[in-house]
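Since the structure comes first, as C-alpha cells, the remarks are kept for the end.
The values are calculated or read from the model by the stated rules, or taken from the named source; none is laboratory data. For clarity, every value in this text was computed on a predicted model and none was experimentally measured. FYI the Cβ positions are ideal-geometry reconstructions off the backbone, even for glycines, and counts take in every protein chain you see.
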Amino acid sequence: MVLKKGFCEIFVRRYLTAVRVAIAKELIESFGYSQLEAARAVGMSQSLLNYILHGRRRNTYYMRIVENDGVRRWIQEFAKMLAEGKEVPLCSFCAIIAGCEETSRSRPDDQNCGV
C-alpha cells in the first residue's frame, strides 16, 4: 500500500506555476502591469514569466488552464483582486482546480472543468 498524495501537493507540482503565469498575463493585458510588476505580484521571476509567455519554455498545464472558460473566469477575478491591492489566497484556487479535477474524473464529457 502506498500513501496517497493530497491534492495540494498535486496542485503545487502541476498547476502552481501555470496559475501564476495566467494571473500575471491577465495583470499585464487587463491592468497595464509590466512583466516585472506582474511577476512580483504573483511571486515568480520575470525571466520565467517571459520564457513561458513567449513560448521559449513550455508549460502544458498553463495551456489547460487558459483554454478552460470556468478557470479563466477565476483567473480574471484573482487578477482583479491583486490589481485592487487585495491579498489572494492560492488555497482558494487549489480548491477550484480540485473540483474541476474531480468533475473531470467522474464526468469526462463535462466541458466546464477540463483541466
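Just one residue in the set E37, E26 is of a type in the set (D, E, K, R), crowded, with 18+ Cβ neighbours inside 10 Å and more than 10 Å from the chain's Cα centre (by Cα); that residue is E26. Checking each residue in segment 3-19 for being more than 13 Å from I75 (Cα to Cα) and part of a loop (DSSP other than H, G, I, E, B) picks out L3, K4, K5, G6. Of all residues in segment 44-68, none that is in contact (Cβ under 8 Å) with a residue 12 or more places away in the chain has its Cβ atom under 6 Å from the Cβ atom of a residue that is of a type in the set (D, E, K, R) and in a loop (DSSP other than H, G, I, E, B), 6 or more apart or on another chain. Residue count for segment 69-115 under the criterion of being out of contact with any helix residue (DSSP H, G or I) (no Cβ under 7 Å at 6 or more places or on another chain), under 23 Å from G43 (Cβ atoms) and modelled with pLDDT of 85 or more: the result is 8. Condition first: surrounded by fewer than 18 Cβ atoms within 10 Å (Cβ to Cβ), small (G, A, S) and within 21 Å of G85 (Cβ to Cβ). Can you find one or more residues in segment 47-64 that meet it? Taking every residue of segment 47-64 in turn, none turns out to be surrounded by fewer than 18 Cβ atoms within 10 Å (Cβ to Cβ), small (G, A, S) and within 21 Å of G85 (Cβ to Cβ).
Among the residues making up segment 41-68, a single one is farther than 20 Å from R14 by Cβ and modelled with pLDDT under 85: R56.
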